[in-house]
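Input: a single structure, listed below in structure tokens.
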Amino acid sequence: MMKSRILTAVLTATVATSTLAACGSGTDEAGDTAYTIGFVNADSLDFHTCLEAGIDHEAQSVPVEIVHANSTRDPAKEQANVEDMIVRQVDAIVLQTVNIDSLEGAIAKAVAADIPIFLTSVGGPDMAGVAGAELSDVKHTGEVAAQWLNEDSAGKDVDVAIIAGAPGAASDLFVGGFKSALGPEAKVVFEQPGMFQRAKAQEVAENLLQSHPDVQYVFVPNEEMGFGALTAFENAGRSDIKIITNGGTEEGLEATSEGRFAMLVASSPYELGVKAVSTMVDLLEDPRDEPVIGQIPTTVVTKDNVDAAPAYCG
Amino acid sequence: MTDRPPARATPTLQMRGIVKSYGGATALRGVDFVARAGRIHALLGMNGAGKSTLVQILSGAVAADSGVIEVDGAPLTHQGPRAARAAGIATVYQRRTLVPALSVAENLMLGRLPRRRRVVAWRDVHDRAASMLADLDLDLDPQTAVDTLGPGSPTLVEIARESHRGGRILILDEPTASLGGHDAALIHRLVRQLAEGGTSVVYISHHLDEVIDLSDDVTILRDGHVVLTAETASTSAAEIVSAMVGTTVVNERPPRPARAHTPVLRIEGLAKPGRIADLSVTVGAGEIVAVIGPAGDGHEELFPFLSGMRSGYDGKVSLRDEQIRPRRIRSSLRSGLRCVTGDRLGTGLVPQLSVDENVTALHPRARRPLMRWRQLRAAAGEARARFGVVTLQPNPPVAALSGGNQQKALLAKWLSGTAVSACLLEDPTGGVDVRAKAEIHTIIESLAESGIAVLLTSSDTDEVMRLADRVVVVRAGRAIAERRVDDLTHDALTHLLLGGSQ
Amino acid sequence: MNSIGLSRTTTLRLPPALGRHAGLAAVLLLICLYLSLRSEVFATTPNVVNVLRQVAVMAVLAAGLTVLMAAGGLDFSLGSQVAVVVAVVARLLESGAHVVVASICGVLLGAVFGLVNGLVVTVFNVAPFVTTLATATVLDGAALIAMQGQSVSAGGALTELGTGEVLGIPYLLLIAAVVIAGAAATLRWTRFGRDALAIGGNAVAARLGGIAVPRHTVALYVANGMLAGLAGIMLLSRLGAASPGTAGLHLELTVVAAVVIGGTALHGGNATVAGTVLGVLLLGVVANGINLLQIDSFYQSVSVGVVLLVAAVVNQLRHRGRH
């Protein structure tokens, strides 16, 4: 009995320390810097780690000090993180929000504390009070994807499937933009949610192959799910279905160069991070009354022009 | 008993020609029953005689197929528990319906807590509860949680509650079934007091002594018929038993030759602070030794100690001079010691599993890595036959059996293996009917005859007089006497047990 | 009743087992009927194989959980164990480990998780619900740490397992079938399984009867951890890569739902692998049917919930009918 007790203690301690060690690596102190900027990230996926890398890189070259926080997909935690930043009296906050609906509260808090706030990739309907933002135009991405499809299909009648994300603003905008720009020859025969998860998207793609095996194009609004669909098609020996997706990671670009993704709308979270810090520092030096809102540049990538894509993680 | 209203007093409750059948089986075949104000009317019968059905009909839980129920001369027109309650019929079932975590006061006023401005008025709750308890001479603290009360007190609380809610006809279904002398006496006193206040009491019981001592009238059911209804004073225990059983059950102590027993099981210096002090017992091969005490007393520590169920005891155990550590359950089972609980479904059997699996749970032939159901069934068949487990279906879950059969299955589970050399039996006939009790007694005797050392804990003097060779009497946590049963009378044992002048 | 009594064993054992699941089987059958009327594809062999391959991972976890729940245990961390195993095995494969070595590591890792759960539950006597919910949270994080928030490709080493077939039957389905048969046989034919039922039915009686309850319980958690390891390898073979958000708590909820819908009691003492299989199939068929019928995304979880509720109610009605 005693032996097992010790064993448990050791195991528990191991798990605990490894978790703590991983958590502790977040903050790093910089020396003499002009400003301290609080960065509230939303999650730890590829996109978020690369965004953070861009922010940290630009912060070192300015230099400014960055205080990190991560909301781990929890809107409530995001609010608390923003409050923490206010209490720590940072000079500005850069916010990658978890969810468009939690934005309003965060912005209001920052405005009330008179701390400028800068939004990355996702903005709210009302941007008043925001110092600046660098947004991804999701609807536009959908439209770009549809336009490429129209060109590629060259006026032939084609069947198109959509494996959407989780129902909600982002996915609906992607899909809405895509559908609205689709030519009359393209018919959407299948539209089901892949919940932004690779495994779920794969399952949906497998079921798509059962119900509509003749489909020619599949639009998947993020690369993660795109890979899920790709695995499903490759497992079924179907290399003829053209996958149109959105992302820009190394793996995604590689898959595009091999022709496994027919088309990829590429953008770089790293560059987004760089732009966010540099714009925010400019705004701290030279405040404006109106928010400065930019759009994240995108590149249409096919296997012929993979080199044109921006580096995803710097 | 002298103050009671005469036997001819006006009936408060009258049932005539009650018939009830379930599918093909007829439970009641035209039963007449009368309860009179201020009198205690005992209702007796073996399991399956129709008592429970009659109680259910009275309480409104089931409807009779035909027959009339009159309260105060007016027929009950509506069916159901609410109508019964509205007519003043209150039932206290064997299973308590109190909320264990709530206080005595809250339980007394469950659903009707006095409030002021929509907020519970706690002072009123406690004051009223205190006065209710005082009216009934009950020495209970209204603020105690029910689950911390002693064994008999929840029953007292429940009876008090039903009486307070306006139960003029009070049905008590075996209120003393699992209680010892002291707690039972408290309940008897309360019942007498309520009767003196004019309540009609219908009292269901298995204890003959209790019935004879307590009741004014007695009605006996057998196979759905009333076979006897009389003033208790005009009948006798022997008459009641023969009416219940149909044939006279012999449950007298058979002559047993005095033998020199080689000691097998030895317990020395069992102690647990506040519960039991320095108890030592030795049981010889083929001997039956009883440790008796009032319910709730220190003798009840023998099972948790010896079985290894609980820790925190001082004391040594040896079996054939080999020391045993009770907490090492497997090795103590291997050495041939078996402890049979008095709480058969709580700590003895696995209720959902079948009878066959339960009775073979310790059987060497069934304890192999792979199950061999045919062998298990064969082993179970032997065990069932030896212990007289009777089932209607071939192999039902053990929880579906009657109390008596469950008890036999329990004994079969723990004692049917070959390697048993000593056993502890905790209250082996708790909550079983007269016939099953007699059968279990025979089983226990045959165990002893086969050379097993039998240690028995009980609160039942009849059982001890019937079974034991020797008896150790425990009172207030101490062993106060040890006697050979042949040197003892029933009265003398009761006297040792309860003390005082009885 | 007498006539039944004569023809004891075989005739009596099967019908109750079937009758016990008649409600759930009827719901499943009705849904299948409906789907084959509404969709031409549903009842085709390729789609049936597709569904079975999709539920294989869930089935492996659910089969193990059924035995654990028989003993009154519960493991809310299985899905998260799968997530970590998927991540770690993908990492190992990426760094060039042999597929057999990586797989063994995955199963052993699961065993370690199970051991931790089992020891916390037995030694410290913490409720399984709390213990495994806590470890699930830890492991969800550990999975992210293991893949550093990035997708990790498993290369082609496991593709054959994930997509290969023998006689038209996918390997994954075969593995699931073996695990299910194993779990059913364990519960029915082994002392270990019967003791699990005894522990779940009455832990005190089981202990007093000489069953080493703590050891037995730990063994059950370890076995479940190893099955989570196996399930992780199966899942990775299907997905080809580990990515954040794979498996985890939402897989776990589906598994628990399948087991409970199947009729296994949450408090132990009563378990049925056959019911679990029906529960797994029900959830798999519903997920497939939703895609085939292209039910609007807003109504998908409503549909799943309604089906679960109906299945649970029908199951309960059967029980009430018997008493």
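Details
- For the stretch C:175-238, the equivalent ellipsoid built from the Cα gyration tensor has semi-axes of 27, 13, 7 Å, listed from largest to smallest.
- Peptide packing: for C:66-78, B:68-80, B:210-222, the average count of neighbouring Cβ atoms within 10 Å per residue gives the ranking C:66-78, B:210-222, B:68-80, highest mean first.
- Calculated SAXS-style log₁₀ I(q)/I(0) at q = 0.19, 0.23, 0.27 Å⁻¹ - the stretch A:253-313, Debye, Cα scatterers: -0.71, -0.88, -1.06
- Comparing C:I199, C:V99, C:H250 along the charge dipole axis of the stretch C:43-322, the residue lying farthest to the positive side is C:I199, per the Cβ-charge model.
- For the stretch B:432-469 versus the stretch B:373-419, the spacing of their alpha-carbon centroids is 18 Å.
- Taking the average, over residues, of other Cβ atoms within 10 Å as the packing measure, peptides B:86-94, B:122-130, B:486-494 rank B:86-94, B:122-130, B:486-494 from highest down.
- Rounded tilt (10° steps) of B:181-196 against the dominant C-alpha axis of chain B: 10
- Here the alpha carbons of the stretch B:351-418 define both size measures, Rg and Dmax, at 10.7, 32 Å.
- Share of Cα-Cα pairs in chain B lying beyond 45 Å, as whole percent: 17
- Buried accessible surface for the C/A pair, both sides summed and rounded to the nearest 100, is 3200 Å² with a 1.4 Å probe.
- As a ratio to 2.2 N^0.38 Å, the alpha-carbon radius of gyration computed for the stretch C:43-322 takes the value 0.99.
- Per-residue surface analysis assigns C:L227 an accessible area of about 40 Å², computed on protein heavy atoms at 1.4 Å probe radius.
- The residues of the stretch B:351-418 present an accessible area of 40 Å² per residue when probed at 1.4 Å with all protein chains retained.
- Placing +1 on the Cβ of every Lys and Arg and -1 on the Cβ of every Asp and Glu, with no other charges, gives the stretch B:194-244 a dipole of roughly 200 debye about its Cα centre.
- When each of A:K77/A:K275; A:K179/A:K242; A:K242/A:K275; A:K139/A:K242 is checked by Cα-Cα distance, pairs over 28 Å: A:K242/A:K275
- According to the Cα-based calculation, Rg over Rh for the stretch C:189-323 is 1.04, with Rh computed by the Kirkwood formula.
- Cβ neighbours within 10 Å from other chains - mean over A:45-53: 3
- Taken about its Cα centre, the stretch C:43-322 carries a charge dipole of about 820 debye when Lys and Arg each add +1 at the Cβ and Asp and Glu each add -1 at the Cβ.
- The stretch A:47-179: Rg to Rh, with Rh as the Kirkwood radius over Cα pairs: 1.08
- Farthest toward positive dipole pole in the protein assembly as shown [+1 Lys/Arg, -1 Asp/Glu at C-beta], among B:L43, B:P175, A:N222: B:L43
- Dipole of the stretch B:351-418, positive end: most advanced residue of B:A383, B:M371, B:G404 [Cβ charges, Cα centre]: B:M371
- Qualifying trypsin sites (Lys or Arg not before Pro) in the stretch A:149-236, DSSP loop, other Cβ atoms within 10 Å at most 11: A:K156
- Crossing angle, helix A:103-112 versus chain A [Cα axis fit, 0-90 degrees, rounded to tens]: 30
- Solvent exposure of chain C amounts to 40 Å² per residue of accessible area, where only protein heavy atoms count and the probe is 1.4 Å.
- Each listed q (0.13 Å⁻¹) maps to a log10 I(q)/I(0) for chain A, found by the Debye formula over equal Cα scatterers with no solvent: -0.95.
- Kirkwood's formula applied to the C-alpha pairs of the stretch B:11-245 gives a hydrodynamic radius of 18.4 angstrom.
- Within chain B: Cβ-based charge dipole about Cα centre, in debye rounded to nearest 20 (Lys, Arg +1; Asp, Glu -1): 2000
- Residue among C:G106, C:G269, C:G79 with the largest mean-square fluctuation in a Gaussian network model of chain C, springs linking Cα atoms under 10 Å: C:G269
- As a fraction of the 1.4 Å probe accessible area of the protein assembly as shown, surface on carbon and sulfur atoms comes out at 56 percent.
- Compactness of the stretch A:138-266, taken as the C-alpha radius of gyration over 2.2 N^0.38 Å, stands at 0.92.
- Helix screen, chain C: DSSP H segments with Cα axial length of 20 Å or more and mean Kyte-Doolittle hydropathy at least 1.0 are C:22-38, C:45-70, C:78-94, C:99-123, C:128-147, C:171-189, C:213-239, C:273-292.
- For the segment C:187-194, counting C-beta atoms of other chains within 10 Å of every residue's C-beta and taking the mean gives 4.
- Two-decimal log10 I(q)/I(0) for the protein assembly as shown, as the Debye equation yields it once each C-alpha is a single scatterer, q = 0.07, 0.09 Å⁻¹: -0.85, -1.11
- With Cα atoms, 0 to 90° folded angle of helix A:2-24 axis to chain A main axis: 90
- Inter-chain Cβ neighbour average for residues A:200-213, partner chain, 10 Å: 6
The values are calculated or read from the model by the stated rules, or taken from the named source; none is laboratory data. Treat the numbers as computed from the prediction; the structure is a model and nothing was measured. Please note: Cβ atoms are built from the backbone with ideal geometry, for glycine as well, and neighbour counts cover all protein chains shown. These area figures cover heavy atoms from the full protein model, side chains too; ligands, DNA and RNA do not enter into them. Shrake-Rupley method; radii C 1.70, N 1.55, O 1.52, S 1.80 Å.
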